[in-house]
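The values are calculated or read from the model by the stated rules, or taken from the named source; none is laboratory data. Please read these numbers as outputs of a predicted model, since none were measured by experiment. Heads up, the Cβs are rebuilt from the backbone with ideal geometry, glycines too, and the neighbour counts pull from every protein chain shown.
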Ligand SMILES: Nc1ncnc2c1ncn2[C@@H]1O[C@H](COP(=O)(O)OP(=O)(O)OP(=O)(O)O)[C@@H](O)[C@H]1O
């Protein structure tokens, strides 16, 4: 009975209009309880054929029947537990140990741990597997191949497909594996399809298929093949076939001639007498059989068990990689520390020049006996003396380190050279002019008004520093004047601007830029960390063949997706908790609202970032492409979300557009929780959750569509 039948198999890559035909009306038969050696030059379509047999790819024409059913039918077990597949690449998780790898495959095939243990013991001995605790990445190429072989065998499949299984193995082990396959197929219904570059190995197969340009040119027992081509070995037959590739007629003659030569049954080894003789004639459609009850049991094992196995693999993969831990737990700490230490703090250690025309020696200003104001009660007069010293004292070194100059020209020179951020100039008559201004009021001379002014020259190239200096120097002047008028028995109102800023409605009067942008920074950080991590994990899995191999073990794309989502959700929740605790404890960041709401919003943000990463990985072929997309998306999202500059300054149309971006409304929501203490029931808080949830759903649906299309 046939385990695999391919009838007029036709497959092409590329477009329908310009197809690259890889399988061309190919016919193939693999009997149960036999080994089928598939031989052919590199690129002739062997892997494509195998992938169509296991249901990884679909034929564009013709039919495939595997174990009596069409691959990919729901509940068929193909791909899945009825088939064991060892791909050409290793396709194992490098961070797992040998034992974990075997258990991982055993569990996704639905075996009990007891059964896996039993099989592992057997395979370990047979295949001389490396020590159970050795990591896959520490195994040699040959050891990895043997382990990969063990994983394909762990669940006693009915059909075993091995793509170059013996590459890199020593001759003794190759022989042992072949002996095992011969023995097993002889005593069971196991069918094996094997491709190999060691052509002579195929002597031990019950049937050999010689493939060329997508067509099976010969399919017969090794002995018959040698007779057909008149050679002493399969290798010679294969060589002959390859040499005549260009000469279709000659080749066809050989094949036609060989068909007429019936081989006496006595020549054939007893086990291969019933090998099916293929023809390229039309055949009736292949009838599909129901899988045996025993197999059905195998097919319907729980999704829960698979998701658990997949999640365990994901955690092991992440936590065993130093870069994974650094990325997940240390990066947020490093990035937040950078942000809190570098952004929004008061500028320090700048130098500010001072020139006062009324002071000969600046040390006079620090003489404790210096009195800058003298008030006489009897005639209610106030005398000023070296008031610039008083301002200099008021200034202190907190705002900037004071540097004194003997001339204005010297102060200007230094500011020009950008050694100082600017300088303050007091006129020679500063104190007397200020006195005149206070005494004479609107009758004061223009000269007195001018000389009573504090003249400040600032380098405006660094806007933040300049604004900071302007604000601080003005504040200090207000304090200075307040002291002076009080000394002179006058009301402070006399020198104050008639503008009063009362206690703020929300926030504090001296709210810093850091507090304003912290919610946006934290959100964008967790979002993009999740994006990069997910994209990297998924692309690596796909490139290493782990993704395909897991799908071929019967795990659905949905199960893979859910396992990843659940793993990441746990990681993201931990990361959000870590972030909030770190900024709360180490940087003393206050939160007037509910911390759980913030953790919830942050976790949702990270989850959304993860789906964005998944979305990128589904549509990008390489890490480089994924990095380009992630980096390309990063700057527009950050710049447009109002994190660096108020949204109100954008053109009206842009304001409307950016409102739907993932960070704009959510970071306002986070700020509303932190600064205003609003709860999730407030529209301006739950809006952020809605926007983030909306993006999460959009990315999820796009990923699902992409993954299903690829699966
Ligand atoms: N995804 C794809 N898109 C386009 N062409 C492809 C794709 N996969 C394979 N091919 C092409 O199809 C042809 C058959 O490839 P396939 O991998 O099936 O050959 P093979 O016989 O297994 O080769 P090898 O022995 O080197 O593994 C090759 O020319 C290959 O370049």
Examine the stretch 39-56 for a residue that is in contact with a helix residue (DSSP H, G or I) (Cβ under 8 Å, 6 or more places away or on another chain), in a strand (DSSP E or B) and either over 27 Å from residue 556 (Cα atoms) or not assigned by TED's automatic domain parsing to the domain that holds residue 190 (or both), and state whether such a residue exists. yes
Which is outside any helix (DSSP H, G or I), in the same structural domain as residue 517 (by TED's automatic domain parsing) and at negative phi, of 690, 614, 702, 643? 643
For the structure I just gave you, tell me whether residue 363 is over 30 Å from residue 517 (Cβ atoms) and part of a loop (DSSP other than H, G, I, E, B). no
Restricting attention to the stretch 30-53, does a residue exist that is surrounded by fewer than 23 Cβ atoms within 10 Å (Cβ to Cβ), at pLDDT 90 or above, more than 11 Å from the ligand (Cβ to nearest atom) and within 17 Å of residue 70 (Cβ to Cβ)? no
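I'm checking my understanding of the structure. Among residues of the stretch 88-110 that are assigned to a loop (DSSP other than H, G, I, E, B) and within 26 Å of the chain's Cα centre (by Cα), which one is farthest from residue 192 (Cα to Cα)?
Pass one, the stretch 88-110, residues assigned to a loop (DSSP other than H, G, I, E, B): 88-96, 109-110.
With within 26 Å of the chain's Cα centre (by Cα) added as a condition, the list becomes 89-96.
Numbers: 89: 18, 90: 19, 91: 20, 92: 21, 93: 25, 94: 27, 95: 30, 96: 28 Å.
Going through the qualifying residues, I end up with 95.
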Among the residues of the stretch 164-178, what is the count of those that are within 16 Å of the ligand (Cβ to nearest atom) and surrounded by fewer than 21 Cβ atoms within 10 Å (Cβ to Cβ)? 3
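Please verify whether the stretch 64-87 includes one or more residues that are away from the ligand (no atom under 16 Å from the Cβ), part of a helix (DSSP H, G or I) and closer than 20 Å to residue 312 by Cβ.
Step one: list which residues in the stretch 64-87 are away from the ligand (no atom under 16 Å from the Cβ), which gives 65-84.
Right, trim to part of a helix (DSSP H, G or I) and you get none.
There is no residue in the stretch 64-87 that is away from the ligand (no atom under 16 Å from the Cβ), part of a helix (DSSP H, G or I) and closer than 20 Å to residue 312 by Cβ.
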Restricting attention to the stretch 14-27, which residues are within 14 Å of the ligand (Cβ to nearest atom) and part of a strand (DSSP E or B)? 14, 19, 20, 21, 22, 23, 24, 26
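Condition (residue is in contact with a strand residue (DSSP E or B) (Cβ under 8 Å, 6 or more places away or on another chain) and either more than 20 Å from residue 318 (Cβ to Cβ) or assigned by TED's automatic domain parsing to the domain that holds residue 163 (or both)) applied to the stretch 531-552: is it met by at least one residue? Give the steps one after another, and end with the answer.
First pass over the stretch 531-552, keeping only residues in contact with a strand residue (DSSP E or B) (Cβ under 8 Å, 6 or more places away or on another chain): 549, 552.
Those left that are additionally either more than 20 Å from residue 318 (Cβ to Cβ) or assigned by TED's automatic domain parsing to the domain that holds residue 163 (or both): 552.
Within the stretch 531-552 (the criterion being in contact with a strand residue (DSSP E or B) (Cβ under 8 Å, 6 or more places away or on another chain) and either more than 20 Å from residue 318 (Cβ to Cβ) or assigned by TED's automatic domain parsing to the domain that holds residue 163 (or both)), the answer is yes, since at least one residue qualifies.
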Considering residues that are in a strand (DSSP E or B) and in contact with a helix residue (DSSP H, G or I) (Cβ under 8 Å, 6 or more places away or on another chain), the number found within the stretch 202-232 is 8
Out of curiosity, is residue 11 more than 30 Å from residue 143 (Cα to Cα) and within 13 Å of the ligand (Cβ to nearest atom)? yes
